[in-house]
Amino acid sequence: MSARGHLCIVLHAHLPFVRDPHKEWFLEEDWFFEAVAETYVPLILLIERLAKENIRPALTISLSPTLCAMLEDEVMAARCRRYLLKRYELAEEEISRLADDDPFLKAAVKYRDLFSQALEVFDRFSGDLITPFKQFQQNNWIEIITSSATHAVMPLLIHPEAVRAQISLAAADYQERFGRKPKGFWLPECAFEPRAAQYMKLAGFNYFFMENHGLAYASPAPRHGVYMPSRVRGGLCAFARDAESAKEVWSSKFGYPGDEAYREFYRDLGYDADYEYIKPYLHPDGIRRSIGLKYHKITGPVELAHKQPYDPDVAAETAMRHAQDFLKKRMAQVEKIYAEQNIRPVIVGTYDAELFGHWWFEGPQFLENVIRLIRQERLPLQMSTAGECCGHSNDTAEVEPEESSWGAGGYFDTWCNDKNDWIYPRVNFVTERMIELANRYQHQDLTHLDTRILNQAARETLLAQSSDWAFLLYVGSHSEFAKRKIAEHCDNFCALAKMIAEKKPDERLLHALEEKDNLFVNMDFRVFASASTF
Amino acid sequence: MAENGTPQNTAATLQPCESWAQCLCATKDRLVLLPQNPGAMFVYWEWTAQRAALFEKGSLAPTVKFKLVYAENRAPALELDFDWKTFRAYVPPPEPGRYYQAFLQVNNSEGQVQTALESNVMLSPRGKPADGEQALPSSGERLRSSMWL
């Protein structure tokens, strides 16, 4: 039976740039290690398993430049391996500690396997997890796309030079890393504004993703609604996030991850275990924190203390049931659209990659089940990458999408509110000065040292623009870290700008900054110039 | 300088401040518009120390006039008075979906226009029919507020 429609699953993998070789231990670095163990490695393994069965996963995976920089970094790799090894040792110890009939034993074995597999994959690729993704793309199993340089919410950047720099640097970074031009662009937070479309086109991108209502209410209305990619003025292709498949996964009330059989995220051995027993696995400050071994299931609306033991087998059965339900609903959706509009719709399910595995522990199993079931059940639904679906629409009319995002309410409240709006004067100040520097020095014969200073200033500017700092301030967690990062990047910029202005290079400081904020190796500060050739 | 060679926060302008009063150390007068949602735009302005001193001395009138115009034809859209020390405000755009620009008019103590700051041009989101009803689940923020935070 030929396919009645396409299922395009897009996973956006992103973490802010938290690398700091000068600090041996800090909490925020654990975000990266946890995501490696629980999301990126499971994703690599599921793609490998499917490919071995001759099932093409056809996932579209967005790897943000900041995440890529950390995934191939030697300092991060060494620390990540240390983390994985320590967790593996703990899981082994847990298996010894728990008796045969202990209700938590199965979960302990599951964790031992998780960390053992993570170590195996990590070592197989010498700690560089970009390599497998690159190979998967070369084999045409998946499509990798990119996102803006440091995940800036572009409607909140007032300088067009900054929007252009975020986009063109992402394209250059991708090409260098993956050896080909990127086709797809993930707008950070799906935050669309018209300038971004113009610069995405100029940087050579073919398509991007946006929030459902931004395209649904475009002018003129797309002929096939949000079930086909739409041609945006200027020639780019826009995909809209499908509302139904989003709700089934994301909704706190109806979403699959809230099922009582799944693993409870918030109850953790780091808090439950005897202190002396768990202390060797905590940070040197000895404060109890989550360590990733969680033995309870969601259970239902009860206090954490009353959560029941987690059974991985029951959770796996649930993940299969949810995959079947997800596909049943997609089939009904596709059949309905096919009958009503006589088109083979493209259903675009966009998710943060880290949902699968880290937060929703069984998410990778669910995803693997979905992809495998389409083939095994010979469903008339085709897994397709976004690049493959770009030309599917026969609607040649160009539309103007609406300014929008996937944040609460659909706009920019999350990143611009009374908890975080103080950052914009600082970020805009630094950005404006960077543009001034680029304009002033772009055609001058500079010494190698001055060029390095200006390039580092450009890196610090970009890092200050990251949406993550505003988000952390908004949710009120890790706010001190976010404040520190903004201050640090802005302050670093100022120190570098001062070196240039006063013609007093400080090589020691420059070297320290280059060593720390070392992303975009081939940075050219001229990317910020008003009449840039980028 | 910190032990590891990275600079400490020394520039007063770059401290992550809780108080907008710290923005008085701006290097030039500035007025900025940012979109928040169809019903609100974020406006902020900064004064140089020199300009602030003129306000403090009473050489400039303490009330500044915020004038919002439609960017395409500069037709007036909204006028509001603010105390010069307000620094920031959330202002409702009269018509969502339009491009706006703002001016901040400063008068001297005799009421004559002394200067007017000019903002960037900003597009206000148009809004969607579903606004006011329950929005779709929004992934990024739900996820991250649940996982690492």
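Taken together, the values in this text are just the output of simple stated rules run on the coordinates, not laboratory data. Just so you know, these numbers come straight off a predicted model, no measurement behind them. Neighbour counts are summed over all protein chains in view; Cβ atoms, including those assigned to glycine, are modelled from backbone coordinates with ideal geometry.
Data overview
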{"quantity": "Above-threshold pairs, the threshold being 19 Å between Cα atoms, out of A:LYS23/A:LYS134; A:LYS485/A:LYS516; A:LYS86/A:LYS279", "calculated": "A:LYS23/A:LYS134"}
{"quantity": "Separation in nanometres of the label points that stand 7 Å from Cα toward Cβ, at A:LYS419 and A:VAL302", "calculated": "3.1 nm"}
{"quantity": "Two-decimal Rg/Rh across the protein assembly as shown, once Rg and the Kirkwood Rh are taken from alpha-carbon atoms", "calculated": "0.98"}
{"quantity": "Residues listed by number, region A:386-405, amide nitrogen under 16 Å from A:SER2 label point at 7 Å toward C-beta", "calculated": "A:392-394"}
{"quantity": "DSSP H segments from chain A that extend 15 Å or more along their own axis, Cα-based, with Kyte-Doolittle mean of -1.0 or above", "calculated": "A:41-52, A:74-97, A:105-124, A:160-178, A:312-341, A:363-376, A:423-441, A:448-464, A:479-501"}
{"quantity": "Lys, Arg +1 and Asp, Glu -1 on Cβ, resulting dipole of chain A about Cα centre, debye, nearest 20", "calculated": "1340 debye"}
{"quantity": "Taking B:TYR44, A:TYR411 and counting other C-beta atoms within 10 Å, the order from fewest to most", "calculated": "B:TYR44, A:TYR411"}
{"quantity": "Gain in span if fully extended, A:GLN135 to A:SER290, counting 0.36 nm per residue against the direct Cα distance", "calculated": "52.4 nm"}
{"quantity": "Expected 222 nm ellipticity per residue - DSSP helices of 4 or more, -39500 (n - 2.57), all of the protein assembly as shown, to 500", "calculated": "-12500 deg cm²/dmol"}
{"quantity": "Cβ-Cβ FRET estimate between B:THR48 and A:ALA332, R0 fixed at 60 Å, reported to 0.05", "calculated": "0.45"}
{"quantity": "Loop-located GluC sites (Glu not before Pro) in region A:312-408, at most 13 other Cβ atoms within 10 Å (DSSP)", "calculated": "A:GLU377"}
{"quantity": "For residues of A:358-369, the mean tally of beta carbons on other chains within 10 Å", "calculated": "1"}
{"quantity": "Pairs from A:LYS247/A:LYS328; A:LYS201/A:LYS498; A:LYS419/B:LYS85; A:LYS247/B:LYS128 whose Cα-Cα separation, in the structure shown, is over 26 Å", "calculated": "A:LYS201/A:LYS498"}
{"quantity": "Dipole of chain A [Lys/Arg +1, Asp/Glu -1 at C-beta], most positive-end residue of A:SER245, A:LEU7, A:LEU293", "calculated": "A:LEU7"}
{"quantity": "Sequence of A:PHE481, A:PHE26, A:PHE429 once ranked by neighbouring C-beta atoms within 10 Å, starting from the fewest", "calculated": "A:PHE26, A:PHE481, A:PHE429"}
{"quantity": "Label-point separation in nm, B:TYR99 to A:ARG180, each point 7 Å along Cα→Cβ", "calculated": "3.7 nm"}
{"quantity": "Pairwise centroid distance, computed over Cα atoms, of region B:48-121 with region A:206-247, Å", "calculated": "37 Å"}
{"quantity": "For chain A: relative contact order, % (alpha-carbon pairs under 8 angstrom, 6 or more apart)", "calculated": "22 percent"}
{"quantity": "Sites A:ASP445 and B:SER109, calculated FRET efficiency, Cβ-Cβ separation with R0 56 Å, nearest 0.05", "calculated": "0.65"}
{"quantity": "Mean Cβ count within 10 Å, highest first, over the residues of peptides B:51-57, A:502-508", "calculated": "B:51-57, A:502-508"}
